[in-house]
Every structure is written in C-alpha cells, then in structure tokens.
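Accompanying notes for the structure given below.
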Amino acid sequence: MNFSEVFKQSNQLCKVSPDGKYLATCVQYRLVVRDISTLQILQLYTCLDQVSHMEWSSDSLFILCAMYKRGLVQVWSLEQPDWHCKIDEGSIGLVSSRWSPDGRHILNTTEFHLRITVWSLCTKAVSYIKYPKACQKGIDFSTDGSYMALAERRDCKDCISIFVCDDWHLLRHFETETQDLAGLEWSPNGCVLAVWDSCLEYKVLLYSLDGRLLSTYSAYEWSLGVKSVSWSPSSQFLAIGSYDEKVRILNHITWKKIVQFEHPAVIENTKATVYKEVEKRPAEVRDEFSLHNVTMDSTLFSTQSKYEICSLPVQIPAVKPDPDRANPKIGVSVLAFSSDSRYLATKNDNMPTAIWVWDMQKMSLEAVLEHTLSVRCFLWDPCRPRLALCTGNSKLYLWSPGGCVSVQVPVEGDFQVQSLKWHCNGDSVILLGKEQLCLCYMDTEQEEKLNS
C-alpha cells in the first residue's frame, strides 16, 4: 500500500472522472484537473467565485462548477480549454445544479424549489419543469440514463412525473399514496421506482415505469419510520433502514420482507466476527529530545491502532439520543451494498463507532467493526467486496472477507481523514481531510492472492 503527496482542496470538492483518467479538485475559486496516473496538473481554470458544487459530465469531457450564493454555473471543457459556458439564474437564485445523463444538459433548481430549469449546451435551448418538491431525494435518473423521475407537490398532494431524457417530454404523471414524500430511487435495472414517506409515517411504495403501484410496505405505525433506503446492485433486494434500529430486506418477486437485521447493544450467540480497534499510545518524548529541538515525522508520535478479535458476548457502546431535539441520533441512517450484492454494510446512529456487515447469501451477521471514534464515512470498493472507512483521525480502515486492517496515513502534519472516495477501478482511494487530500494506492493483486 502506497500513498501520494498531499494536495489542497476546498469543501471536499474532489472527483474522479467517470472514465477514471482524471482527478478534478476545487481550491477556493480555482478548478484543478490532474492526470490520475501521474498527478500532474493538466488544466487550471478560474471561476468567478468560490465553488459550492463540482461535477463531471458522464463522458468526462466537461466539468460543471456551481456557485450557489451568486446563482451562477460555469462549465469547462477538457478538450477545448478556451471554451466555457456561464449560466446565470439571476434573482430567482440557485440551490442545486447537476448534469443530465447525456452530459449535454444541465438541470438547475431555483430557490424555494419554484422550478427546475433545463439548459442545453448544444442548442442553448431552455425548458422549465414546475412544482419540484423540496425533499430528501426528489430527483433520480434511471441507470441507463433514459428516464428521470421527479417528485412534485401540487395542490397539497404528492405526485411523480417521469420524463424521457432524450427530449424531456413527459412520459407519465401520477399521484402517490404518501402524506409527505421524502425520496425516490430507481432500481438499478430501471424497472421499479421505490418511493418512501417522511419519517413520521413508515411507508415504502413500489411503482412500475408506467405508474402502476406494484406494492406497499409498512412495518409499523405511530412511531418514527423510514430513515434510509438502498437497492442492491442486482435489483434483487431493497434494504430499508428505520428509526427502530432495524433493517428490513424486501425481495423483488413478492416485495415482502424476507429478513430483518437488528443491531443489539450486546452481541452474543452469533458466528459473526467482532473486531475492536485497540490503540497503542507512543512512548513519551523526553525533554532533551523535545519537539522544539528536533524536527521529526509527525507519524512517529501519532497513536497507532490495530483490530483485535473479541470473544463473545460483546457490548457495543451506545449513545442515548436527546428526545427533545429534532432528528434524533438513533436508527439506521446509512446502508451500502457491495458491488456483487453479497454484503450489506450498515450504521446505526446511536452506535456511532460501529459498522455492521451482513452476508446476503446466508442472511446473517458477518462482522462488526468497533472503533474508538465515530465513523464518518464508509464505502465499498466498486469492483470487489472490500470496505473502506474513516473516523476523522489519521487512519484508513479496511475490511474484506479475509479480515480487517488499520493503516496509518504517513503524511506530515495534522491530516485527519474526514471522508473518502474510491477510484472506479478500485485500485486506489482518495482520502479527504479538511483542506487537503492524498491518494492511497492498493496492492490489489497481492491481496487477492492472499484471499484465494
């Protein structure tokens, strides 16, 4: 495992191009594009203000930079650096900007969600979509880029409009059986649209492309409901995380619950492996070798850690949420399937230091990873069953079916990993600090030999 040098970034704005060749980062109002293999700067663009959001087009030819405070979007071309496009939404404001799947249209959502403006880079044509709903996830494109589902609110009722992305004509429009629609998401095969209600009512609805209601699922009533929803890449499973600290898995044939995963405070009577991070403090530095007199690599004095396998039963540290505050820290907030749909990783908010890994073939708990700090981010390798996570310190943690490892990031200074992103081929991970980033290169071939 190797690490690159450190580079500057702002607001965690760092993205690998879809073709995997380039790395784009924003530093204040500058956009820097690097060759991912050499990390040499290829292009440097100057935006009109500090960038709030940055996104690659699907073909890796253009980069969108949105400046929400000024209602501006600038688009830069990788092939023609002198060409650029500026979109000014004016006094109506801007809260969201994104590419369409074809990489030639930009969808801007105005303040107060008054409308969505679709701008064409090719024809300079502009079209408007009214009544978009302000919610957790109100817009989603099918995986193949053919259709867009949009949540709307009209006459105090929730609706969904399905548009064809080629020419933005309306394919279907239908009302949903929700009190306050919170989000929607296409299945990876594009056949089913999952829709869920706000946390005040546990309700998940499944619609076909033509707007037929295929099934409704509700686990309980009169309590806080759905907190997270995720499809497996195979489209066979729909995982629903809720405020009762459980994950329910629906199957794609009957849309009935096939299994329920719980997150108990005490783990016992299981074949799962429980890994606990154990820290080892460095030896104290004597006065005659104080840091004022000797300049040394900061990693020498950082806290080392490793995973140890715990014998059962194991008590998982839990935090009691404040019932008087909004959005209580309780329930399953994040669900993530591995690329082969074999494993599901979950995080229960009132057990913030633990990540739970479930085996979807055996329908049982595979592993629990307990850490000294709260987990900030966890993501699966896009090509193999390998989970990377960070806890806001100077370490990278990795889990695979073969075991766990804690890796110290050998970077000078105070580099704390706040979030991470995988390269699309799974051979490297981008580690993002508060104002810096570095790349971690995996020795994937060697690890696969060990696992085999």
Meets criteria (open to solvent by less than 60 Å² (accessible area, probe 1.4 Å), part of a strand (DSSP E or B) and among the hydroxyl-bearing types (Ser, Thr, Tyr)) for residue 235: no
Which ones in segment 25-62 are assigned to a strand (DSSP E or B), farther than 15 Å from residue 9 by Cα and either hydrophobic (A, V, I, L, M, F, W, C) or modelled with pLDDT under 95 (or both)? 42, 56, 62
Report, by residue number, each residue of segment 38-49 that is surrounded by fewer than 17 Cβ atoms within 10 Å (Cβ to Cβ) and either touching a strand residue (DSSP E or B) at 6+ places or on another chain (Cβ under 6 Å) or touching a residue at least 12 places away in the same chain (Cβ under 8 Å) (or both). 39, 41, 42, 43, 44, 46, 48, 49
Any idea which residue in segment 14-32 is nearest to residue 416 (Cα to Cα), counting only those that are surrounded by 20 or more Cβ atoms within 10 Å (Cβ to Cβ) and hydrophobic (A, V, I, L, M, F, W, C)? 14
Could you list all residues from segment 2-13 that are exposed (fewer than 15 other Cβ atoms within 10 Å of the Cβ) and either part of a loop (DSSP other than H, G, I, E, B) or within 18 Å of the chain's Cα centre (by Cα) (or both)? 5
Does segment 128-146 hold any residues that are out of contact with any His (no Cβ under 8 Å at 6 or more places or on another chain) and either of a type in the set (Asp, Glu) or open to solvent by 20 Å² or more (accessible area, probe 1.4 Å) (or both), and which are they? 128, 130, 131, 135, 136, 137, 139, 140, 141, 143, 144, 146
Of all residues in segment 252-277, which are more than 30 Å from residue 186 (Cα to Cα) and without any contact (Cβ under 8 Å) to a residue 60 or more places away in the chain? 264, 266, 268, 269
Among the candidates 149, 125, which residue alone is among the small types (Gly, Ala, Ser), open to solvent by less than 60 Å² (accessible area, probe 1.4 Å) and in the same structural domain as residue 232 (by the TED database)? 149
Any chance segment 251-260 includes a residue that's exposed (fewer than 14 other Cβ atoms within 10 Å of the Cβ), at pLDDT below 95 and assigned to a loop (DSSP other than H, G, I, E, B)? no
Count of residues meeting criterion [farther than 23 Å from residue 406 by Cβ and open to solvent by less than 40 Å² (accessible area, probe 1.4 Å)] in segment 266-276: 0
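So that you can scan it fast, the table gives a plain yes or no per residue for (1) at pLDDT 90 or above; (2) under 18 Å from residue 399 (Cα atoms); (3) not in a loop (DSSP other than H, G, I, E, B):
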site	(1), (2), (3)
270	no, no, no
283	no, no, no
293	no, no, no
300	no, no, yes
305	yes, yes, yes
When you look at residue 162, is it touching a Lys or Arg at 6+ places or on another chain (Cβ under 8 Å) and either more than 30 Å from residue 202 (Cα to Cα) or without any contact (Cβ under 8 Å) to a residue 24 or more places away in the chain (or both), yes or no? no
So which strands (runs of 3 or more DSSP E) are wholly in segment 317-378 and hold at least 2 residues that are over 19 Å from the mean Cα position of the chain (by Cα) and small (Gly, Ala, Ser)? 364-370
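The values are calculated or read from the model by the stated rules, or taken from the named source; none is laboratory data. Just so you know, these numbers come straight off a predicted model, no measurement behind them. Cβ: placed from backbone, ideal geometry, glycine included. Neighbour counts: every protein chain shown. We work out accessible area using only protein heavy atoms, side chains counted, and drop any ligands, DNA or RNA first. Shrake-Rupley method; radii C 1.70, N 1.55, O 1.52, S 1.80 Å.
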